[in-house]
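Working notes, beginning with the structure itself.
The values are calculated or read from the model by the stated rules, or taken from the named source; none is laboratory data. Worth saying up front: this structure is predicted, and the values here are computed from it rather than measured. Every residue, glycine as well, gets a Cβ built from its backbone with ideal geometry; the counts of neighbours run over all protein chains shown.
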Amino acid sequence: MTSPPGKASLSELPPLTPGPYRSRLSFVALIATFGGLLFGYDSGVINGALLPMSEDLGLTALTEGVVTSSLLFGAAVGAMLGGRLADSLGRKRTINLLAIGFVVGTLTCVFSPGFMVMVIGRVILGMAVGAASSVVPVFLAELAPHEIRGSLAGRNEVMVAVGALAAFVMNAIIGNVWGEVHGVWRIMLAVAVAPALVLLFGMMRVPESPRWLVAHGRVDEAREVLNTIRPPDRAAAETEQIAQIAEEERQRHVSGLSAIFTNKWLVRILLVGIGVAVFQQLTGINTIVYYGQTVLIESGFSSSAALVANVVPGVIGVVGSIASLFMMERINRRTMFMLGYGLITVCHVLIGSASMLLPAGNPIRPYVILVLVVAFVGCMQTFLNVATWVILSEIFPLHMRGAAIGISVLCMWIANGLLGLFFPSLVEGIGLTGSFFTLAVFNLIALIFVIRTLPETRGRTLESVEEDVTSGEIYAKSRRRG
């Protein structure tokens, strides 16, 4: 596809050169990704806090599932609302609002006197988590130069992994040092207040997305923002390119979700986004985040040993996420997804086989299953977690980006919530063997899905991706690139 006359195309953009804008861009990314850190911590802290919380609050197996999944269903609502708010209020203001939600939700949980207040606090936290999961990756992608967009937007998922690891480590330390203290779980939950305050006050020094500003007619402000995070000549060229695409959308009267159903290619890209989001959850990664201690106890570890062993997958998750950042600008997105789902399918088959072939009481059973769980987490974080959030932030046109990623992440959190609610019952009913064989089938289906439908976006500006998504040309290019 050729660009219209006078259009600033990808080849016409001046190259990135060294300068102070790089440190400014890194600072902005660091602050924004505290939303990802809170996403990881608040999702993972329940792993170690649930058992002492159950004893103090008198929870049953059912109410344990409700406490765990209430955050997830709250996140589904937050993802949808976050996307719409990000389109109307701006990316920065929305992140400020969710930072307040993190503080309020955390304090509600910490001082909860019983089950109902705990559920309310977890829902508030979930709404903040869901909004963070849909808005922060878009914010980073819209700020990043296309040359490093994958690695910059992917930093959010690294912080999610860091947050989950921090939750596992704090649970292990607090649980083993103050495990006999009444209400020890309240201390585990309270730790999240500190990063929430960093996010709230740090965002005061962060600019708005230049693409959102252009979409709302504030071109001069967008140019000022880009001048702080790009070389001057590059900032001017990018502002022109973004403004031209936004003007074309206005002339076509293209706006929001209402425009999707008039274009079969936009319907298709929304379905692709939903599929990518849901299949990420059907890997089963969050069964390890939420119920890792339960899985390890089921494999043969004692309760205290499982709490410590649980840190190992967390460490591997961070290492894998960092490795993924290195790979994002060197390996095609489609290749990452195909490797990820293929390897995870193998890991699930091996975990199910080990659980079946090594009976309970076998001394090597817990260690074999731990190694295989670590391999699964490593494959997931290296090839899929970062890539999933990056591709969701890239594939949607600007006029539908916030709403479309909100819908996709809404579906993701619903899938996440259903797994969180029913996974303990699944393990109880069909054991580790049947549970992981079931997950293997889901991941095989996901592999076929990405081979047939996922477009390639690496190395392209968001504006060029938008043009080809709207026309359907991106699918032909993806097939040619493999």
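Hey, could you check region 42-52 for residues that are farther than 15 Å from LEU71 by Cα and surrounded by fewer than 24 Cβ atoms within 10 Å (Cβ to Cβ) and say which is nearest to the chain's Cα centre (by Cα)? Result: LEU51. Take the residues of region 329-361 that are in contact with a Ser or Thr (Cβ under 7 Å, 6 or more places away or on another chain) and either small (Gly, Ala, Ser) or at pLDDT 85 or above (or both): which is surrounded by the fewest Cβ atoms within 10 Å (Cβ to Cβ)? Checking each candidate, the answer is MET356. Just one of the numbered conditions (1) over 26 Å from VAL469 (Cβ atoms); (2) touching a Lys or Arg at 6+ places or on another chain (Cβ under 6 Å) is not true of PRO14: (1).
Out of the residues in region 182-212 meeting the condition of being assigned to a helix (DSSP H, G or I) and small (Gly, Ala, Ser), tell me which one is farthest from the chain's Cα centre (by Cα). Within region 182-212, the match that is farthest from the chain's Cα centre (by Cα) is ALA190. Six or more apart or on different chains, Cβ under 9 Å: which pairs go from a residue in region 360-383 that's more than 24 Å from VAL158 (Cβ to Cβ) to one that's of a type in the set (D, E, K, R) and part of a helix (DSSP H, G or I)? Could you list them? Hits for this filter: ALA360/GLU298; ILE369/GLU298. Taken over region 135-165, residues that are among the small types (Gly, Ala, Ser), modelled with pLDDT of 85 or more and closer than 26 Å to SER88 by Cβ amount to 2. If you take the residues of region 432-463 that are among the small types (Gly, Ala, Ser) and crowded, with 16+ Cβ neighbours inside 10 Å, which of them is farthest from LEU282 (Cα to Cα)? Result: SER435.
Okay, residues lined up against (1) of a type in the set (Phe, Trp, Tyr); (2) crowded, with 19+ Cβ neighbours inside 10 Å:
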| residue | (1), (2) |
| --- | --- |
| ALA153 | no, yes |
| GLU157 | no, yes |
| ILE173 | no, no |
| TRP178 | yes, no |
| ALA190 | no, no |
| SER209 | no, yes |
| HIS216 | no, no |
| ASP220 | no, no |
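Collect the residues in region 115-149 that are of a type in the set (Gly, Ala, Ser) and either in a helix (DSSP H, G or I) or touching a strand residue (DSSP E or B) at 6+ places or on another chain (Cβ under 7 Å) (or both), keeping them in residue-number order.
Selection gives GLY121, GLY126, ALA128, GLY130, ALA131, ALA132, SER133, SER134, ALA141.
Please enumerate the residues belonging to region 154-181 that are of a type in the set (A, V, I, L, M), outside any loop (DSSP other than H, G, I, E, B) and over 24 Å from ILE100 (Cβ atoms). Once the filter is applied, which keeps residues that are of a type in the set (A, V, I, L, M), outside any loop (DSSP other than H, G, I, E, B) and over 24 Å from ILE100 (Cβ atoms), region 154-181 yields VAL158, ALA161, LEU165, VAL169, ALA172, ILE173, ILE174, VAL177.
For region 192-203, the set of residues classified as in contact (Cβ under 8 Å) with a residue 40 or more places away in the chain and either out of contact with any Phe, Trp or Tyr (no Cβ under 7 Å at 6 or more places or on another chain) or crowded, with 18+ Cβ neighbours inside 10 Å (or both) consists of ALA192, VAL193, PRO195, ALA196, LEU197, LEU199, LEU200, GLY202, MET203, listed by residue number.
On the basis of being among the hydroxyl-bearing types (Ser, Thr, Tyr) and at pLDDT below 90, does SER69 make the cut? Taking the combined requirement at face value, the residue satisfies it. Out of all the residues in region 393-402, is one or more in contact with a Pro (Cβ under 7 Å, 6 or more places away or on another chain) and under 25 Å from VAL138 (Cα atoms)? Yes, that holds for at least one residue.
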